[in-house]
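Asks: To start, I am sharing the structure in question, which I have written as structure tokens.
Just so it is clear, none of the values below were taken in a lab; they were calculated from the coordinates. Model, not experiment: these values are computed from the prediction. Please note: Cβ atoms are built from the backbone with ideal geometry, for glycine as well, and neighbour counts cover all protein chains shown.
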Amino acid sequence: MSHLLLRHRDIPDIGEIDVYKKNGGFEAFKKAVTSMKPQEVTDVVKASGLRGRGGAGFPTGIKWGFIPGNIWPHYVVANADESEPGTFKDREIMESNPLQFLEGVAIAAFATGANAAYVYLRGEFWPVAAILDEKIAEMEKAGFLGDKLFGTDYSLRIYTHLGAGAYICGEETALLESIEGKRGQPRIRPPFPAVAGLYGKPTVVNNVETLTNVPLIVEKGADWYRSLGTADSAGVKIFSLSGHVNKPGNYELPFGTTFRELIYTYGGGVTDGRPVKAIMSAGASSAVIVADDKALDTPMDYASVRTLGADLGSASVIVINDSVDMDWVINKTIHFFKHESCGKCTPCREGTYWMLHLIERIALGEDVKATTELLHAVAKQMQNKCLCPLGEFSTMAVTTAIERFPADFKASSSRAKTGTIEGGKHG
Amino acid sequence: MLAEKYPNEVKKILAKYPPERKQSAVMPLLHLAQLEAGFVDRHAVVEIAGICGITETDVAEIIGFYTLYHDAPEGKLRLQVCTDISCALRGADEFLAKVCERLGIQPGGTTPDGLVTVEAVMCLAACDKAPMFQVQGPDGIAYHENMTVDKTMEFIETARKEVK
């Protein structure tokens, strides 16, 4: 099957506006603006079963439907903060198929009655923002952005906004704070962004990959989209495959593809031909899955992955072979979350701090059994108490690694010698 | 002064946000301000606070919160190696250690000529192309992917001739 999202892999110059137009580009946006009511566009997206690709999997059309008609103006914000360890799909879309993404932003804006949209990119995506700025200028010149589009009264402008290195800004309310020029700390919800978002106005926040699906859905219809994927998870998904595989990279596949197919058929198998020991299906935020035959043959859709005690999230599949101990894996994830905790709520700020101290003690081989139990207890106590998902995420790998790989948390002389971060792979 | 050095850029940045929401411009203005020297100096903080209609403390708070802003000079190039889980599974820790060893510095340190600061950083969304690093410098930010220690040393040698 040819690619629907990573279309540049079939049509290398799809990022050029002429090539994009020749391949049906902007037809969906034109159709929406000139022949559909905003509500009809939302209804098509609702009926398509499209769910948010940033990790939460919330139905996109339903999100758009929450925007009230009595508070104005409205905003659309594309979440291009892509900071989850193991996730690198949005960057490829924006670098190589930027116009399809921007057309998706435009359609979302029309559907929700927004005349301004912002693309929030992580600061490290400096060159990607430059590409988008160039494409936005080309779209303005070609009459796809600006005032009175296609001879109607509808006007739209898209702006990029660069972050500056903060994982937390992927959380939608922190992201909105950041666009407003403040520290990226999450807001207490409710009110939700759909009612009080950017500048206190109704705002839809959608992930880059989610929006890139939208032009195809408007063009080809909800039934076509539903025919791809599974009943629970419609459409295609970009799986970011990384870690111990021979061919890491992005793979656009229908939902329902198994872990085994992803790792062995597409990913070329495990590094050094070793067995796969564990899988993290949603990046560093993921519960750690024991990679037995049952897990490997599990279809990757939202509902099926849940039966393994994990989430599909943004489908950032990190493969870990048997050369690595899980205490080292969570040492890495804890360092990450400790660094990225925004400090606003106490369970996350203090919890990640203590988890870091405890995993460091384990790395040094200090009273490993008791320290592991304490680490597990701290992680458990954080759960369901944090202001935003970051705090919860920081505990997922910790509790599941300890519960599912107890043998990896035993005192060993080699561990004592290898130390902490520099310990790297051992075993 | 930003307004004198980059008048067009400042105007473009302000045009992105509603006129009554100038605070939104603080992040793009900080990116602009630190381009040349690699850090935001006191004068820029004062000027940006004035442009955005916020206090100097508000600006300093943003510099402190976001890791890509710096309030003190370091190497002209900041070579930032991702050592998070996916990159580490592909040898990023060893890569960082060897690069530092070849340069004779510790992670976080700067070469004696003031050219390069090497730092370990969090995930850069390039997990399939590890070992990798980004370089933060006078031209903004650029990624260097699928790197080896030798290729990195070559990059540094080339930069040593080009960056004054």
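Asks: Just the residues that are within 12 Å of chain B (Cβ to nearest Cβ), over 23 Å from A:Leu175 (Cα atoms) and in a helix (DSSP H, G or I), please, taken from the stretch A:322-380.
Replies: A:Met326, A:Trp328, A:Val329, A:Ile330, A:Asn331, A:Lys332
Asks: Now, a different point. Of all residues in the stretch A:207-243, which are in a helix (DSSP H, G or I), within 16 Å of A:Met1 (Cα to Cα) and aliphatic (A, V, I, L, M)?
Replies: Answer for the stretch A:207-243, where residues must be in a helix (DSSP H, G or I), within 16 Å of A:Met1 (Cα to Cα) and aliphatic (A, V, I, L, M): just A:Leu216.
Asks: Also: Can you tell me which of (1) free of Cβ contacts under 8 Å to residues at least 40 places away in the same chain; (2) among the small types (Gly, Ala, Ser); (3) at the interface with chain A (Cβ under 10 Å from one of its Cβ atoms) is the one B:Gly140 doesn't meet?
Replies: (1)
Asks: Among the residues of the stretch B:33-48, is there at least one that is without any contact (Cβ under 8 Å) to a residue 24 or more places away in the chain, assigned to a loop (DSSP other than H, G, I, E, B), more than 11 Å from chain A (Cβ to nearest Cβ) and out of contact with any helix residue (DSSP H, G or I) (no Cβ under 6 Å at 6 or more places or on another chain)?
Replies: Checked against the condition, which is being without any contact (Cβ under 8 Å) to a residue 24 or more places away in the chain, assigned to a loop (DSSP other than H, G, I, E, B), more than 11 Å from chain A (Cβ to nearest Cβ) and out of contact with any helix residue (DSSP H, G or I) (no Cβ under 6 Å at 6 or more places or on another chain), the stretch B:33-48 yields at least one hit.
Asks: So, one more: Give the stretch A:153-183 a look and list any residue that's touching a residue at least 12 places away in the same chain (Cβ under 8 Å), assigned to a helix (DSSP H, G or I) and either surrounded by fewer than 24 Cβ atoms within 10 Å (Cβ to Cβ) or β-branched (Val, Ile, Thr) (or both), or say none.
Replies: Hits for the stretch A:153-183 are A:Ile168, A:Thr173, A:Ile179.
Asks: Scan the stretch A:244-282 for residues that are away from every other protein chain (no Cβ under 11 Å), among the charged types (D, E, K, R) and in a loop (DSSP other than H, G, I, E, B) and jot them down.
Replies: The answer is A:Arg274, and nothing else.
Asks: For the stretch B:77-88, check the following and say yes or no: at least one residue is over 30 Å from A:Trp328 (Cα atoms) and either part of a loop (DSSP other than H, G, I, E, B) or more than 8 Å from chain A (Cβ to nearest Cβ) (or both).
Replies: Scanning the stretch B:77-88 turns up at least one residue that is over 30 Å from A:Trp328 (Cα atoms) and either part of a loop (DSSP other than H, G, I, E, B) or more than 8 Å from chain A (Cβ to nearest Cβ) (or both).
Asks: Restricting the first residue to the stretch A:263-276 and requiring it to be surrounded by 15 or more Cβ atoms within 10 Å (Cβ to Cβ), which pairs with a second residue that is among the basic types (Lys, Arg) meet a Cβ separation below 6 Å and a spacing of at least six or different chains?
Replies: If the second residue must be among the basic types (Lys, Arg), the pairs left are A:Gly267/A:Lys247.
Asks: OK, next. So which residues in the stretch A:37-56 are surrounded by fewer than 18 Cβ atoms within 10 Å (Cβ to Cβ) and either over 25 Å from the mean Cα position of the chain (by Cα) or at positive phi (or both), if there are any at all?
Replies: A:Lys37, A:Gln39, A:Glu40
Asks: Test B:Leu124 against the stated conditions and say whether it is in a strand (DSSP E or B) and crowded, with 17+ Cβ neighbours inside 10 Å.
Replies: No; evaluated as a whole, the condition is false for this residue.
Asks: What is the number of the single condition among (1) within 17 Å of the chain's Cα centre (by Cα); (2) surrounded by fewer than 23 Cβ atoms within 10 Å (Cβ to Cβ); (3) under 14 Å from A:Val398 (Cα atoms) that A:Gly309 does not meet?
Replies: Checking A:Gly309 against (1) within 17 Å of the chain's Cα centre (by Cα); (2) surrounded by fewer than 23 Cβ atoms within 10 Å (Cβ to Cβ); (3) under 14 Å from A:Val398 (Cα atoms), the one that fails is (1).
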